[in-house]
Structures are given as C-alpha cells and as structure tokens.
1. Mind listing just one residue for me: the one in the stretch 449-479 that is part of a helix (DSSP H, G or I), out of contact with any helix residue (DSSP H, G or I) (no Cβ under 8 Å at 6 or more places or on another chain) and not acidic (Asp, Glu) and, of those, farthest from residue 180 (Cα to Cα)?
2. Among the residues of the stretch 79-91, are any within 27 Å of residue 170 (Cβ to Cβ), without any contact (Cβ under 8 Å) to a residue 60 or more places away in the chain and of a type in the set (D, E, K, R)?
3. Keeping to the stretch 414-448, report how many residues are within 30 Å of residue 44 (Cβ to Cβ) and part of a loop (DSSP other than H, G, I, E, B).
4. Just the residues that are within 27 Å of the chain's Cα centre (by Cα) and of a type in the set (A, V, I, L, M, F, W, C), please, taken from the stretch 328-350.
5. For the stretch 238-254, does any single residue satisfy the condition of being more than 27 Å from residue 479 (Cβ to Cβ), crowded, with 18+ Cβ neighbours inside 10 Å and among the polar types (S, T, N, Q)?
6. Look through 116, 149, 130 and report the one residue that is buried (at least 23 other Cβ atoms within 10 Å of the Cβ) and among the polar types (S, T, N, Q).
7. Please give the number of the condition residue 272 fails out of (1) farther than 19 Å from residue 187 by Cα; (2) aromatic (Phe, Trp, Tyr); (3) part of a loop (DSSP other than H, G, I, E, B).
8. Could you please let me know if residue 405 is crowded, with 21+ Cβ neighbours inside 10 Å and farther than 25 Å from residue 157 by Cα?
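The values are calculated or read from the model by the stated rules, or taken from the named source; none is laboratory data. Bear in mind that the values here come from a model prediction, so they are computed numbers and not experimental data. Backbone-built Cβ (ideal geometry, glycine too); neighbour counts: all protein chains shown.
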Amino acid sequence: MQDEVQLTSQDFDLGRVWNNRFANLGPAFFSARTPTPVREPYWVARSQSMARELGLEDDWWRSQEALEAFSGNRPLVGSRPLASVYSGHQFGVWAGQLGDGRAIMLGEVQASDGNSLELQLKGSGSTPYSRMGDGRAVLRSTIREFLCSEAMHALGIPSTRALCMTGSDQPVRRETLETAAVLARTAPSFIRFGHFEHFSHTEQHEELKKLTDFVIDGFYPECRDAPNPAAALLAAVTSRTAALMAGWQAVGFCHGVMNTDNMSILGLTLDYGPFQFMDGFDPNHIPNHTDTGGRYSYKRQPQVAYWNLFALGQALLPLIGEPDETMAALEPYKAIFPAAQDMRMAAKLGFTNSNEGTSALINDLLALMAKERTDYPIFWRRWAQHLAGQPVETVLDLFHDRPGIENCMQQLQELESKFGQQPNANLALGSSPAIVLRNHLAEQAIALANQKDFSMIQQLLDVLENPFSEHPNHTTWAGFPPDWASSIQISCSS
C-alpha cells in the first residue's frame, strides 16, 4: 500500500546539538533517505527517563510539530536522515547484503551528559535495503520493542533505548492486516557485526578499515595504541558480548533471532523481535515459532554468540592479518562468559562470589526447575524473599519433588556454614526482578492499544522501570502467567 501523506516542509527543532559523524563516513556506508510520512499520527507512548537523558524538557512532546517529527512527517533541524548498508549471516547462512530496511537514522544528538546518541525512526518507510518490503513496523511489534528495551535497561542489561512511539490507522499487511507505528529509538551506535561483514565480503578493505577506525576512535579508544588495533577491538567486543550473554541467561531472556546483523558492536541488546522472558524454565525453549531447528533456543544463545563473534573475526581478518591473532582475540570468551554467568547466578543465591559450592547448587536448582518447568522469575524472587525472612514454604511449594528442593536448601545451609556467613538478601533481591515483561503482559497491552487504549503501556513502563521493587497495585503482573500464555506464538514479524 502506498503512502499518500506529504512530508511537512517546516522543520522541527528539538533544541539539541546534532553531530552526524556516521554520515561523514561517506556514501559507501549508507543511502540518504527521508522518512515516509504516515497518515494522521497519534502518540502511543513516551519514555520520560530517556527524554531526560537526552536533556529534553518534560513537555517536549506537547506539540503537533513534535508528533509529526517523531512520526517521520516533519524534518528535524540538524538531522541528516540515512539508511545504512550491512550484510550478515541469518540462521547460520550467509544472506548477503541487507541494511536498514525499515529504520532511518536521523543522526547523532548530544545527550545531557555531553555524549552523542544516534536517533533512529523504526518503521518510517521503505529504503533501498527494504528487499521488497514496505519499511513499516506494526503497532504490535513496536509496543513490544518499546517496552522491552526500556525494561532491559532497568534490569542493568545493556540495550538500545526507546524515546517514544507513535501510531497511525494506516493499514500494514503482515500475517493479518494491522496498523502502522513508528518507534524513536536511541543508542550510542547501531553499528552491527554485519557492517563489518559487508565491507569484508565485498572486499572493500579501505572502507572496512575506515569503519574499524571509526568504531575504535569513538567507542574503544583503549584499542588505538595496541600493537594490533583490529585484534584489540575484536577482543574488546568479545568481552562485552560475553558479559551480555551472561545477563541474558541469568534473567531468563531469549532473543529469538541472533543473526550477525542483529549483534551490536557495542555489546547491546539489539532488534527486539520474537523475544521472550521465560515463564516455566526450559533450557530448550525456543521463543521464535519460525525457528524450527531451535538454533536460537535459550541454552544455545551463548554458543551462537561465540559463532557470531567468529564471523566478526573472519570479517576483520584482512585488518588483523593472522588467523592465529584472530582466534587469540576470541579465546577469552570461553572464560569470560562462564565466569560472568557464575557471578550473576551466585548473586541470585545471595553470594558476592562464585565458587564450586555455589556452582553446584545452581546446577542442581536449574536441573530441578527444568524437570518441573518451575516458573523462572517467581522461583528466584521467592528465593530472595526467603533470604529476607519470608517462610521457606514459599519456595518449597513451587515443587512436586519436595526431597529435591529440600536437598538444595540443605546445600545452602552447608554453604552458609562453610563460609561463615549468611547470603545477602539485598543482593539476591537486587538480582532477581519482581517483574519482567512476560509475553502475556505485552499481549494484554497490545489488545488494549488496538482499541486506542494506551494506558497499560504507560503503566507497564512505570513498573518495568523499577523491576526490583514490589508493586502492590500490580501484584497480578508479578504472579503466575495465565494458562493461555503458553499458546502465544511469536515470529520474526513480531
């Protein structure tokens, strides 16, 4: 369906300083592209915390001009809209050239701390990289990304952020006929592993070096003086990615589509599609119902991340020079990831350090939880609450295998005796959220939004921004999912 709305000619001034460094890399890296307007846009949701980080006033959005600007209907003063080109591996297969098919980067705006943040409009129309697509995002998927990116940030897991989202009754065809939405999202950079793969596979080695220098100078300056800066960059990205995977695994987050073009060079959670926070614990859980082979199941995420890093290493090989140096830069992943995961899981137990005892207890707990499909967020929250003084029965009652969980509680007592200290309840409470964005919560917010009721989105955002606190007014949101939640199917179009 063709858009019939015309771009409003008068620019909107956000009142921030723009610094369009990526646009200065040159035409090999992008295509200039103006957003395609949507019909009669309306506000759906805004993140005031993100707005404050950008240094915007609380009422920044209270004008028709702002609404039009963040719907793609009006230019922003100082912006240089573009769509970047990249390539990548999708489900382990080389997919060739890809690119920003439904996201247009407006440029880099200076935040309140003086750093620059890239600002994108996702769902703002077709680009040269849309591959026959319409370049639109639908209300359903945009709500999910808006909420989850802000929720992950509040959980302390590196992520892109969301500033606001707008909607339109303009129809968009996916599995069914839906309505359009536009998400304004931010990150220090949206550069992906796939950007490096693109210039390496097309043998544009000068551009590959230019991109590498850009990333090092802008985000990894400690790599500049290394004997081999490209190898040092790979090692630094490896470290960040390993830490990111530990965060995902500890909180029970499943991404769903870990293609190399969805991997951030800064170690951020990027491109929320068929993601899910697990309900019942299942190491083999596959959040994306189109992933029939289970490549991106929960338990495989750390392995896939290493595979993707290897692909990045191959892309950087023309600059690194020696395969041995490439592999040496990747090798620390094998130690960094398990160590980071052990620390995160020990914290959920209430211990500041991991050791053989905490690891053994974690393994036994996870095995027991997997056998019974115990609710992952609720178990860990009740464990932390027990450490804070709640009756142990709140934990025991989650299991049919009473001897199994009692054995785990006995292990905990032995650890207390061995180390001469009790677990830190505050540490455990601060490591196991009271609420996460479960699929059924997002579905309920989407159902209301389809009726033009956006109140639950804002209420969910307010709660998800404080995930480690109790929310007495929303106890059902922190409770067990309804029976129908297990039938929710999420695909790549989500």
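1. Start the filter on the stretch 449-479 by keeping residues that are part of a helix (DSSP H, G or I), which leaves 449, 455-464, 472-478.
Okay, now just the ones that are also out of contact with any helix residue (DSSP H, G or I) (no Cβ under 8 Å at 6 or more places or on another chain), so 458, 462, 472-473, 475-476.
With not acidic (Asp, Glu) added as a condition, the list becomes 458, 472-473, 475-476.
Details: 458: 19, 472: 34, 473: 32, 475: 32, 476: 30 Å.
Result: 472.
2. no
3. Let us first name the residues in the stretch 414-448 that are within 30 Å of residue 44 (Cβ to Cβ), namely 433-448.
The next check asks that each one be part of a loop (DSSP other than H, G, I, E, B); those that pass are 433-438.
Of the residues in the stretch 414-448, 6 are within 30 Å of residue 44 (Cβ to Cβ) and part of a loop (DSSP other than H, G, I, E, B).
4. Filtering the stretch 328-350 down to residues within 27 Å of the chain's Cα centre (by Cα) leaves 329-350.
Residues satisfying the conditions are 329, 330, 335, 336, 337, 339, 340, 343, 345, 346, 347, 349.
5. The answer is yes, given that some residue of the stretch 238-254 is more than 27 Å from residue 479 (Cβ to Cβ), crowded, with 18+ Cβ neighbours inside 10 Å and among the polar types (S, T, N, Q).
6. Numbers: 116 fails: buried (at least 23 other Cβ atoms within 10 Å of the Cβ); 130 fails: buried (at least 23 other Cβ atoms within 10 Å of the Cβ).
Result of the check over 116, 149, 130: 149.
7. Looking at each condition in turn, residue 272 falls short on (1).
8. Numbers: crowded, with 21+ Cβ neighbours inside 10 Å: yes; farther than 25 Å from residue 157 by Cα: yes.
In short, yes.
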